[in-house]
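To keep things clear, I will list the structure first and then write my remarks on it.
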Amino acid sequence: PVGLDPEGNAVFLDFTEQKPYALGIGDVDSGKTSFAHTMVLGALARYEPEQLAVALADFKNGGEFNRYGLEGCPGVQAVIDDEDPDVMASFLRRYVAEMARRQQAFSLLESASGKAVRKYEDYRRIQRETGAVSPELPRILIVIDEYQSLFEGTAETAALLSELVRKGRTYGIHIAMLSQRALSDSARSGFTPGLKDYFTTRILLK
């Protein structure tokens with residue numbers, strides 16, 4: 001839940017196989033950070049750590065998400081607040097590696113159950129139906145504030161994020177990205193229209 005509609009009914013932000021990623025745009029002081037906190041706190045309150053893990057990155061070096069790390073919130077895997085390209089790349093590498101780990105878990109479950117595991121939803125369903133022993137894999141929600149920094153830094157950060165976006169939903173990894181602008185002024189920006197099309201949920205603030 002992220003707010004109320006004009007009639008006072010709760011509005012939900014869904015992350016599913018069909019709607020894996022969200023893109024939020026708004027001017028300074030339009031409420032992007034408040035929206036991010038609402039989204040994160042709502043998710044942490046609604047799901048157990050075994051169901052959902054959250055990773056937070058603030059690439060405008062504001063430290064806005066530090067409280068989640070300092071207070072040791074259950075379900076929060078990582079919090080970073082550094083614009084250094086090496087830190088950005090390390091953060092993204094972790095979740096690209098997690099996709100590879102999950103692919104191995106899919107193969108293990110296939111061998112144990114004799115059923116095909118093609119995506120995250122298959123994995124969870126076959127786990128429940130067969131009781132086969134395999135790693136528990138919570139969904140992961142990655143929240144990135146000022147995501148444009150990823151495309152204006154090194155080529156590696158852009159390539160890593162692109163890989164996450166193209167493959168993440170298969171492995172239960174979802175991404176919410178926020179910025180003051182949808183397009184980058186940098187000629188090196190790799191946030192192409194094709195990549196942006198993966199972000200089927202759009203949040204437009206003032």
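The values are calculated or read from the model by the stated rules, or taken from the named source; none is laboratory data. All figures in this text were calculated on a predicted structure; none of them were measured in a lab. Every residue, glycine among them, receives a Cβ derived from its backbone with ideal geometry; neighbour counts consider all protein chains shown. Heavy atoms of the whole protein, side chains included, go into the accessibility calculation; ligands, DNA and RNA do not. Shrake-Rupley method; radii C 1.70, N 1.55, O 1.52, S 1.80 Å.
Numbers at a glance
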{"quantity": "Inverse of mean 1/r across different Cα pairs in the chain, Kirkwood, Å", "calculated": "17.8 Å"}
{"quantity": "The range 69-150: radius of gyration over Cα atoms, expressed as a fraction of 2.2 N^0.38 Å", "calculated": "1.37"}
{"quantity": "Of all accessible heavy-atom area on the chain, the percent that carbon and sulfur account for (1.4 Å)", "calculated": "49 percent"}
{"quantity": "Computed helical MRE - 222 nm, the chain, DSSP H runs ≥ 4 contributing -39500 (n - 2.57), nearest 500", "calculated": "-12500 deg cm²/dmol"}
{"quantity": "Accessible area of Glu83 in the full protein assembly, 1.4 Å probe (Å², nearest 10)", "calculated": "90 Å²"}
{"quantity": "Accessible-area value, Ile25, 1.4 Å probe, nucleic acids and ligands omitted, Å²", "calculated": "30 Å²"}
{"quantity": "Inter-label distance for Lys167 and Ala112, nm, one decimal - labels placed 7 Å from Cα along Cα-to-Cβ", "calculated": "2.2 nm"}
{"quantity": "Calculated Rg and Dmax of the range 1-104 using C-alpha coordinates, Å", "calculated": "15.2, 47"}
{"quantity": "Probe 1.4 Å, accessible area per residue of the chain, Å²", "calculated": "50 Å²"}
{"quantity": "Lysine pairs with alpha-carbon atoms under 18 Å apart, the chain, spacing 8 or more or separate chains", "calculated": "7"}
{"quantity": "Magnitude of the charge dipole, the chain, Cβ model with Lys/Arg +1 and Asp/Glu -1, debye to 20", "calculated": "800 debye"}
{"quantity": "Prolate/oblate/rounded label for the range 1-46 (Cα gyration tensor, a/c 1.5)", "calculated": "rounded"}
{"quantity": "Segment Arg181-Val133, length gained on full extension (0.36 nm per residue, minus Cα span)", "calculated": "12.7 nm"}
{"quantity": "Phi-based couplings in Hz for the range 130-142 (Karplus 6.51, -1.76, 1.60; Gly and Pro marked x)", "calculated": "9, x, 4, 7, 7, x, 6, 10, x, 4, 10, 10, 9"}
{"quantity": "Unit charges at the beta carbon, dipole of the range 1-152: most positive-side option, Leu13, Tyr68, Met88", "calculated": "Leu13"}
{"quantity": "Taking all pairs of distinct alpha-carbon atoms in the range 94-206, Kirkwood radius in angstrom", "calculated": "15.7 Å"}
{"quantity": "Stretchable slack from Ala45 to Arg67, in nm (0.36 nm times residue separation minus alpha-carbon distance)", "calculated": "6.3 nm"}
